[in-house]
1. Do the conditions hold for SER128, that is, is it surrounded by fewer than 16 Cβ atoms within 10 Å (Cβ to Cβ), assigned to a loop (DSSP other than H, G, I, E, B) and polar (S, T, N, Q)?
2. With ALA165, ALA147, ALA171, ALA156 as the choices, which residue is in contact (Cβ under 8 Å) with a residue 24 or more places away in the chain, touching a strand residue (DSSP E or B) at 6+ places or on another chain (Cβ under 7 Å) and farther than 30 Å from GLU57 by Cβ?
3. Residues of the range 10-31 being assigned to a helix (DSSP H, G or I) and within 10 Å of ligand 1 (Cβ to nearest atom), which ones?
4. Only one of VAL213, VAL201 is in contact with a Gly (Cβ under 6 Å, 6 or more places away or on another chain) and not in a loop (DSSP other than H, G, I, E, B). Can you tell me which?
5. Within the range 244-264, which residues are among the hydroxyl-bearing types (Ser, Thr, Tyr) and more than 21 Å from TYR293 (Cα to Cα)?
6. Quick one: in the range 42-93, which of the residues that are acidic (Asp, Glu) and at pLDDT 95 or above is nearest to ligand 2 (Cβ to nearest atom)?
7. Using the structure shown, decide if GLY143 is of a type outside the set (A, V, I, L, M) and either in contact with a Lys or Arg (Cβ under 7 Å, 6 or more places away or on another chain) or surrounded by fewer than 21 Cβ atoms within 10 Å (Cβ to Cβ) (or both).
8. Find the residue count for the range 63-79, including only residues that are part of a loop (DSSP other than H, G, I, E, B), surrounded by 19 or more Cβ atoms within 10 Å (Cβ to Cβ) and within 10 Å of ligand 1 (Cβ to nearest atom).
Amino acid sequence: METIDGESFGEKYDLFVCLQCGKCTGSCPLSMRSQLSPRKHVREALLFDNEVVLDKEFLWDCTTCATCRLRCPRDLQPVEVIIGMRSILIEEAKVPATVQEALESTFKNGNPWGRAPSKRDEWAAELSLKSASEGAEYLYYVGCTPAYDPRVQNVAKSLVRVFKAAGVDFAILGNEEKCCGNEIRRMGEVGLFEMLMEDNVEIFENYGVERIVTSSPHCYNVFKNEYEGLKAEVFHYTQLLCEKLDNGLLKLTKELKKKVIYQDPCFLGKQNKIFEEPRKLISSIPGVELLEYDREKERSVCCEGGGGRMWAEATATGERTAETRVKEAVALGAEIIAVACPFCMLTFEDAVKMTGYEGKIEVKDISELLVEAIE
Ligand code: SF4
Ligand code: SF4
């Protein structure tokens, strides 16, 4: 029987108590459109044999949204079984070329986007930000996608403007920053993840970082829940800005007469129970009417951007979940879909184009809405 870290899958993930009830598969946003079936994979993992995994290209369809984990009546972790199976695919070099390139780039460049480390801080060239060596109350950990993606760079820039308006004392690592590893672990590359974790903890310690604030729920999640030896407190930016709002330091004065609907990111909402802070920030903007999806908070539907899906061509067919969400938002009368995650930004912007709703609905990060309310 194949083992993972010297244990069988059944032992490692305590799978012997699985009821085969199928709640995990029933709740999986991909199972209707793909051969992905967490219930079946748990069963296969119990009877595990290397060959069972090797032809399963659809294992890369999993977004690691963790809905299967939340729905399981036995508190099992089907998502971790899938990540473990991906680790075996990596060991056997049965990896889609795009995933392989993302992993190699992360090893070589410190980011999965194939970009040069020396260009990581280009987005901030005009902003005269403090560097971590100068010391600050917060380290703003920017993340790979806000640092390099031209659309998401505007989120980082907006956040800087809002931090300054709210009097947040912060610094950045600039070109010393490297990938947090959240997606790397979920793609199954445990060794690379551990290397990134050790490097990042060392950098944070060297600069005496006590508080980290992130743009991305994915970076937040991995620092908060998975980094060993990290002493710093970790915040998603919506938490920090909500505190500044409550203390009267973030003043939202300009009116924005728009109907706004909020997409809960899986790594902020479902996986870390941060539901209220993003909503409070949006609804505190004068003139904004906050709408809700029927399926919101714990029941929210994944955008399909997590778990390495930004680098893996899905085998899933049919309408993507982000397209379904855009159609639902339009039907509810929303003019803006507010997001709080770089991957939601990219998947939803793509979905607006695919559904033909350009000009009818916009996608904005909460930080971009806040900029409109302070300036
Ligand atoms: S929900 Fe839990 S108990 Fe039910 S089939 Fe899935 S893993 Fe097994
Ligand atoms: S983590 Fe999400 S996408 Fe992956 S198997 Fe579980 S429910 Fe499906």
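1. yes
2. ALA171
3. First, pick out the residues of the range 10-31 that are assigned to a helix (DSSP H, G or I): 10-12, 15-17, 23-27.
Within the range 10-31, LEU15, VAL17, LYS23, CYS24, THR25, GLY26, SER27 meet the criteria.
4. Values: VAL213 fails: in contact with a Gly (Cβ under 6 Å, 6 or more places away or on another chain).
Result of the check over VAL213, VAL201: VAL201.
5. First, the residues of the range 244-264 that are among the hydroxyl-bearing types (Ser, Thr, Tyr): 253, 262.
Within the range 244-264, THR253 is the sole residue that qualifies.
6. This residue is ASP61.
7. Answer is no for this residue.
8. 3
The values are calculated or read from the model by the stated rules, or taken from the named source; none is laboratory data. Given the structure is predicted, the values throughout are model-derived calculations rather than measurements. Ideal geometry is used to build each Cβ from the backbone, glycine not excepted, and the neighbour counts take in all protein chains shown.
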